[in-house]
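Working notes for the structure below.
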Amino acid sequence: MRGGVIGLWGSIIVLVAFAVGGLGRAAAEDTFKIGLIVPMTGRQASTGREISAAFKVYMQQHGVTVAGKRISIIVRDDGAVPDATKRLAQELIVHDKVNVIAGFGTTPSAYAVAPLLTEAKVPGVVMGAGASDVTSRSPFMLRTGFTMAQSSVVMADWAAQNAIKTVVTIVSDYAPGIDAQNSFTSRFIGAGGKVLDEIRVPLTSVDFSPFLQQAREGAPDAAFIFVPSGQVMFMNQFVERGLDRAGIKIIGPGDITDDDQLPAMRDQVIGTVTAHMYSAAHPSALNREYVAAFERDNDFRPNFMSVAGYDGMHLIYEALRQAGGNATGDTLVEIMRNAKWESPRGPISIDPRTRDIVQNIYLRRVERQGGGLYNVEFATFEAVKDPVTEIK
Ligand code: DHB
């Protein structure tokens, strides 16, 4: 579970640790340490692979020195097990004396670390956790990823306006899934739609067929589905169970047509409409540059987790630069909560009140483009705030 130091990062970290050990205190003070806790193993491993790859791209483009400080990344694998995340965060704070903790591949992992960040006054940059209440768990937490509710309400509006009258929802049974289900349902019913059944699937399930059968029996116009990234088998089982042939459309947040997994999905996913904050096919110059840099080093495509990691690095670099290098956690958070910049996904900012991401949500349709399957954007909802914390 505890991955320790990983691959290429290993050599960077060992070198930095070595230099610090050899040169003593002065060198330690010249180093700015970012602890990156992500799942590199287990079912959520694609999240760790994507975010750590994005860190490397960012550092290749922007260097390893900011405001006179040498940036050191310490990567830890939590396997998406919250107790492990907590133990690793504790070690990074107490033993390694990190300046920032980044990553958090799942909501339960982010919840587990929030109290530690508050106590140690260490900023936490959340990249992979999607429940709405995550940043409310610590005044030191900020989010560069997404919330499930952001894309679920956009999906509900589109469904209601596009002849989808009845829906069955199927979600993974934990906080982000429940957020997706509740925000979709209330918006869709408000727009005149009907939800026939609300199904929750244990997070550990690999066999979705009983749930798909249950959805099929209701004969809805569409199934709204959330499963966390990395679960390509879900989409393939949807096709195997013949739900597509039964005329049941599949809709949901973009996690179900994750760019990391899309190349391994069957052609039957063509036409699937989802709502999300990032597509590798986003047609901007900045994104094309990002995708090209990413694909030069990796044999997989950047997904939404990767862009959350890339932008998280930008948030940390810029805060350190603006703070002039010598920064307490309080100062860094103060700068970060007012940040606004252009990302490969489009314009983004941090909401100063909630420390949460404000971003465009795009409607996309899976199409074959240049030989591969891609989420091709066809409509944009600008500067969407998390709808749950927005009304509090
Ligand atoms: C979460 C994890 C995911 O992999 C994802 O795609 C969405 C949300 C989460 O645990 O919050």
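First check a/c for the chain, with a ≥ b ≥ c the square roots of the eigenvalues of its C-alpha gyration tensor; if it is under 1.5, answer rounded, and if not, answer prolate when a/b is larger than b/c or oblate otherwise. Prolate, since a/c reaches 1.5 and a/b exceeds b/c.
Against the chain, whose longest principal axis comes from its Cα atoms, helix 45-62 is set at around 50 degrees.
Taking amide H as placed 1.01 Å from N in the peptide plane, the amide H of residue 71 sits under 5 Å from that of 32, 65, 66, each at least 5 places away or on another chain. State whether the range 121-246 is rounded, prolate or oblate according to the following rule on the C-alpha gyration tensor (a ≥ b ≥ c being the square roots of its eigenvalues): a/c under 1.5 gives rounded; otherwise a/b larger than b/c gives prolate, and the remaining case gives oblate. Verdict is oblate for the range 121-246. Answer rounded, prolate or oblate for the range 292-392, using the Cα gyration tensor with square roots of eigenvalues a ≥ b ≥ c: rounded when a/c is under 1.5, else prolate when a/b is larger than b/c, else oblate. Verdict is oblate for the range 292-392.
Here the chain carries DSSP beta bridges of which approximately 40% are antiparallel, counting only pairs with both residues inside.
If a spin label sat at a point 7 angstrom from the Cα of residue 378 along the line to its beta carbon, the backbone N atoms of the range 269-290 nearer than 14 Å would be those of 270-275.
Between the range 257-322 and the range 199-227, what is the separation of their alpha carbon centroids in Å? The range 257-322 and the range 199-227 have Cα centres separated by 27 Å. Within the range 188-278, the trypsin sites (Lys or Arg not before Pro) that combine a DSSP coil assignment with at most 12 other C-beta atoms in a 10 angstrom radius are 245.
Annotation: lysines with alpha-carbon distance below 18 angstrom to residue 249 (same-chain offsets under eight excluded): 165, 194. Amide H to amide H distances under 5 Å link residue 173 with 201, 203, where only residues 5 or more positions off or on other chains count and H is placed in the peptide plane. Measuring between alpha carbons in the structure, every pair from 56/385; 56/121; 56/97 lies within 31 angstrom.
Ranked by how many other Cβ atoms sit within 10 Å of their own Cβ, fewest first, the residues 95, 314, 276 fall in the order 95, 314, 276.
For the pair residue 83 and residue 198, the difference between a 0.36 nm per residue extended length and the Cα-Cα distance amounts to 38.4 nm. The ranking of 96, 258 by Cβ neighbour count inside 10 Å, starting from the fewest, reads 96, 258. Backbone N atoms of the range 346-373 closer than 19 Å to the 7 Å Cα→Cβ label point of residue 390 belong to residues 346-364. Between residue 191 and residue 29, the simple label model (points 7 Å from Cα in the Cβ direction) yields a spacing of 5.7 nm.
Where a number appears in this text, it was derived from the coordinates with a stated rule and is not lab data. Because the structure is predicted, anything quoted here is derived from the model rather than measured. Cβ sites come from the backbone with ideal geometry, for glycine too, and all protein chains shown count toward neighbours.
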